[in-house]
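Asks: Got a structure here, written out as structure tokens. Questions coming.
Nothing in this text is a laboratory measurement; each read-out follows from the coordinates by a stated rule. On a predicted model such as this, the values are computed, not experimentally measured, just so you know. As a convention, Cβ positions derive from the backbone with ideal geometry for all residues, glycine included, and neighbour counts pool all protein chains shown.
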Amino acid sequence: MDYKQILEDILELDERVTIIRGFGDIISKVTNKYGTCGFLNIKEDNFWIILGRGDYNMIIESFQDYEIPVDREGEYEFKAILKWVPGDYDEYGRCTMRDYLEVEHIDLDFIQTFQQRERQQKLDLILTKEMEDLFKF
């Protein structure tokens, strides 16, 4: 195995893409400028950066403009590759378009519907209460 080549490849990827992994709620009633299916209130707590230099605000912004291809609403795990798009400057060095990230690829794994999650939360609450009552003297 050529570790030097692996290191060079990783460093090159680090400059060109951001790879993230996380969890989020996807609903079809969220409307963005491209469609009507997207993340519901995605925040920094919903994902972590595996590789790359993107910051949290740029990542969140890239998902606000991305239509997510799902066939049912619910909670999903996602893995995504975001491509770094460099900004543009005029002849005087003024920024005419800032850098941004663009969703290049996304893998989605369905976890549960909102109803399943709500039912599980209610069961957990009931069982926790019963366990606390069981050990009261």
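Asks: Between residue 74 and residues 5 or more places away or on another chain, which pairs have amide H atoms under 5 Å apart, with H built 1.01 Å from N, and which residues are they?
Replies: 26
Asks: Then there's this: Taking a ≥ b ≥ c as the square roots of the Cα gyration tensor eigenvalues, with a/c under 1.5 meaning rounded and otherwise prolate when a/b beats b/c, else oblate, which class fits the chain?
Replies: prolate
Asks: Then there is this: Zone of residue 48 (label point 7 Å along Cα→Cβ, backbone N under 17 Å): which residues in segment 62-80?
Replies: So the set is 77-80.
Asks: May I pose another question? Below 8 Å between Cα atoms, with a sequence gap of 6+, how large is the relative contact order for the chain in percent?
Replies: Relative contact order of the chain: 23 percent.
Asks: Here is a further query. Helix 114-134 versus the longest principal axis of the chain: what is the Cα-based angle in degrees, 0 to 90, to the nearest 10?
Replies: 50
Asks: Taking H placed 1.01 Å from N in the peptide plane, check which residues at least 5 places from residue 99 or on another chain put their amide H under 5 Å from its amide H.
Replies: 87
Asks: At most 14 other Cβ atoms within 10 Å plus a DSSP loop assignment makes a site exposed; report the longest stretch of the chain without any exposed trypsin sites (Lys or Arg not before Pro).
Replies: Longest stretch, sites excluded: 99-135.
Asks: Take 63, 114 and order them by how many other Cβ atoms sit within 10 Å, fewest up front.
Replies: Listing 63, 114 from fewest to most nearby Cβ atoms yields 114, 63.
Asks: Something else now. On a straight-distance basis, which aspartates and glutamates could pair with residue 129 in a cross-link, Cα separation under 20 angstrom, same-chain partners fewer than 8 positions away excluded?
Replies: List returned: 118.
Asks: Another question, if that's okay. Just rank 58, 97, 1, fewest to most, by other beta-carbon atoms within 10 angstrom.
Replies: Ordered by Cβ neighbours within 10 Å, fewest first: 1, 97, 58.
Asks: Oh, and also: What residue among 91, 73, 118 has the largest mean-square fluctuation in a Gaussian network model of the chain, using Cα springs under 10 Å?
Replies: 91
Asks: Related question: Where is the GNM fluctuation largest for the chain (alpha-carbon springs, 10 angstrom cutoff): 51, 127, 13?
Replies: The residue with the greatest mean-square fluctuation here is 127.
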